[in-house]
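Student: I'd like to ask some things about the structure below.
We did not get these values from a lab; they are worked out from the coordinates using the rules stated. These numbers were taken from a predicted model, which means no experiment stands behind them. Neighbour counts are summed over all protein chains in view; Cβ atoms, including those assigned to glycine, are modelled from backbone coordinates with ideal geometry.
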Amino acid sequence: MTSLAPISEPFDLLRLSLSEKVFVKLRGDRELRGTLHAYDGHGNLVLANVEETIWMIYDENEEVAEGQERKLSSVTRNSEMLFVRGDGVILISPPSKS
């Protein structure tokens, strides 16, 4: 974000993020990274140049020993433009610098 204007309401962050790259976490273990083009009062979003990642447990039926973690896999796809319904959004933030 280029501006450091005060943020007093949640939608102020969206307003300041217009035309900027954002990270969006969705229900169902989905993540989006793209440019925010528009939003509305319901939290619906329009994103461009979107990379969508869907995370999945590698083998849900496999027993996991204590102290071990389940194996994860992911599927990634790209879209030029995407409409995101606001009721599925969990988090919106600028993408990490890493």
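Student: As an exercise, use a Förster radius of 25 Å and the Cβ-Cβ distance of Asp12 and Ile90 to find the FRET efficiency, rounded to the nearest 0.05.
Tutor: Computed FRET efficiency for Asp12 and Ile90: 0.85.
Student: By per-residue mean of other Cβ atoms within 10 Å, what is the highest-first order of 24-34, 6-16?
Tutor: 24-34, 6-16
Student: Thr53 versus Leu72, label points 7 Å from Cα toward the beta carbon: distance in nm?
Tutor: The modelled label-to-label distance comes out at 0.8 nm.
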